[in-house]
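Asks: Once you've had a glance at the structure underneath, I'll fire off some questions.
The values are calculated or read from the model by the stated rules, or taken from the named source; none is laboratory data. Everything numeric in this text was worked out from a predicted model, so none of it was measured. Neighbour counts are summed over all protein chains in view; Cβ atoms, including those assigned to glycine, are modelled from backbone coordinates with ideal geometry. Heavy atoms of the whole protein, side chains included, go into the accessibility calculation; ligands, DNA and RNA do not. Shrake-Rupley method; radii C 1.70, N 1.55, O 1.52, S 1.80 Å.
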Amino acid sequence: MKIYIFRHAQKAMDFSGDPDLTAEGHNQASTLLDLVLKKEIPQPTHLWVSPRKRTHSTFRPLSEHFKLPLENQEDLLEQHGDESLQVFRKRISKLLEKASESKNDVIYLCSHYDWVIEAMSVIPCETDLSEDRFSHWSPCQCVGFEVAKDGFYKFLDLKRINP
């Protein structure tokens with residue numbers, strides 16, 4: 001089974017607390033679909049998103065093309081203001097464990113900058129995910145892993161999605 005973790009595409013600046021994507025962000029979302037169609041990254045079987053508009057918009061072209069539902073996962077939300085780092089990391093670990101239970105699926109997860117950064121610190125992986133290349137996450141960047149039966153992650157790929 002494979003898991004690909006994406007930071008949402010470029011978001012608009014507004015004060016609603018739940019902004020959508022910019023035009024560039026929508027282009028990144030379309031480019032993501034193109035990369036899957038070109039087989040540069042595997043076709044998803046599940047699209048997990050946080051409840052925020054920007055994560056839904058990032059995966060909407062994939063959802064529409066492959067007729068896959070966008071599956072809301074509350075645990076993909078960014079860190080809550082009253083949530084300690086320890087509790088936040090446990091929430092991330094719980095979601096990754098849930099995703100790892102699938103057998104032959106390719107699960108795409110779309111979340112937020114802080115979630116992705118903390119996920120790199122809790123993923124059990126042979127590759128050192130604290131290296132510099134994993135510490136700077138541009139919009140729509142993704143990392144892919146193959147998950148072994150024992151729950152250990154093997155690093156596959158790190159991609160920046162540029163329109």
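Asks: What figure in square angstrom, to the nearest 10, would you give for the accessible area of Phe152 with a 1.4 Å probe?
Replies: Probe radius 1.4 Å; accessible area of Phe152 about 80 Å².
Asks: How much area per residue is accessible in segment 23-163 when the probe is 1.4 Å and only protein heavy atoms are counted (Å²)?
Replies: Ligands and nucleic acids excluded, the result is 51 Å² per residue.
Asks: Sticking with this structure for a sec: For the chain, what is the mean residue ellipticity at 222 nm derived from helices alone (per DSSP H run of n ≥ 4: -39500 (n - 2.57); sum divided by total residues; nearest 500 deg cm²/dmol)? Walk me through the intermediate numbers first.
Replies: Numbers: 4 runs with 55 residues, N = 163.
Using -39500 (n - 2.57) per qualifying helix, the result is -11000 deg cm²/dmol.
Asks: Still on this model: Taking the inverse of the average 1/r across all pairs of different Cα atoms in segment 6-77, what Kirkwood radius in Å do you get? Each step should come with its number before you reach the end.
Replies: On the way: mean 1/r = 0.0807 Å⁻¹.
Mean inverse Cα-Cα distance, inverted, gives 12.4 Å.
Asks: Give me the distance in nm between label points sitting 7 Å out from Cα along the Cα-to-Cβ direction at Asp105 and Lys149, one decimal.
Replies: Each label point lies 7 Å from its Cα, and together they span 2.0 nm.
Asks: Also, I was wondering about something else. What is the antiparallel percent of DSSP beta bridges lying wholly in the chain, to the nearest 5?
Replies: On the way: 12 of 26 bridges.
That works out to approximately 45 percent antiparallel.
Asks: On to the next question. Which residue, Asp34, Asp82, Asp128, has the most motion in a Gaussian network model of the chain that connects Cα atoms within less than 10 Å?
Replies: Of the options given, Asp82 has the highest mean-square fluctuation.
Asks: Still on this structure, I have one more. Using only the alpha carbons of segment 4-163, determine the length spanned along each of the three principal axes and report them from longest to shortest in whole angstroms.
Replies: Taking the Cα atoms of segment 4-163, the three principal extents are 39, 39, 30 Å.
Asks: Working with all protein chains in place, sort Lys11, Lys53 by solvent-accessible area computed with a 1.4 Å probe, largest first. Before the final figure, lay out each step's value.
Replies: Details: Lys11 70, Lys53 100 Å².
Largest to smallest exposure gives the sequence Lys53, Lys11.
Asks: If DNA, RNA and ligands are ignored and the probe is 1.4 Å, what is the ranking of Met1, Met13 by accessible area, most exposed first? Let's see the in-between values first.
Replies: Values: Met1 30, Met13 170 Å².
Output order, biggest surface exposure first: Met13, Met1.
Asks: Between Glu40 and Ser130, how high is the FRET efficiency from 1/(1 + (r/R0)^6) when r is the Cβ-Cβ distance and R₀ = 30 Å? Nearest 0.05.
Replies: Values: r = 26 Å, r/R0 = 0.87.
It comes out at approximately 0.70.
Asks: Here's something else I'd like to know. Please identify every one of the GluC sites (Glu not before Pro) in segment 1-96 that sits in a loop by DSSP and has no more than 16 other beta carbons within 10 Å of its own beta carbon.
Replies: Details: sites: Glu24, Glu40, Glu64, Glu71, Glu74, Glu78, Glu83; in loops: Glu40, Glu78, Glu83.
Passing sites in segment 1-96 are Glu40, Glu78, Glu83.
Asks: Output the pairs from Lys98/Lys149; Lys2/Lys38; Lys11/Lys154; Lys53/Lys103; Lys53/Lys149 with a Cα-Cα distance over 25 Å in this structure; if there are none, say none. Don't skip to the end; give the middle numbers.
Replies: Details: Lys98/Lys149 13 Å; Lys2/Lys38 18 Å; Lys11/Lys154 30 Å; Lys53/Lys103 29 Å; Lys53/Lys149 33 Å.
Listed pairs above 25 Å: Lys11/Lys154; Lys53/Lys103; Lys53/Lys149.
Asks: Let me ask another. Quick one: with all protein chains in place, what share of the accessible area of the chain is carbon or sulfur, to the nearest percent (1.4 Å probe)?
Replies: On the way: 3990 of 8230 Å².
That share works out to 48 percent.
Asks: For Thr58, Thr127, give the ranking by accessible area with the largest first, probe 1.4 Å.
Replies: On the way: Thr58 0, Thr127 30 Å².
Descending accessible area places them as Thr127, Thr58.
Asks: Right, next: What accessible area, in Å² to the nearest ten, does a 1.4 Å probe give for Ile117?
Replies: 50
Asks: Compute, for Ser30, the solvent-accessible surface of its heavy atoms (probe 1.4 Å) with the complete set of protein chains present, and express it in square angstrom to the nearest 10.
Replies: Surface open to solvent at Ser30 totals about 60 Å².
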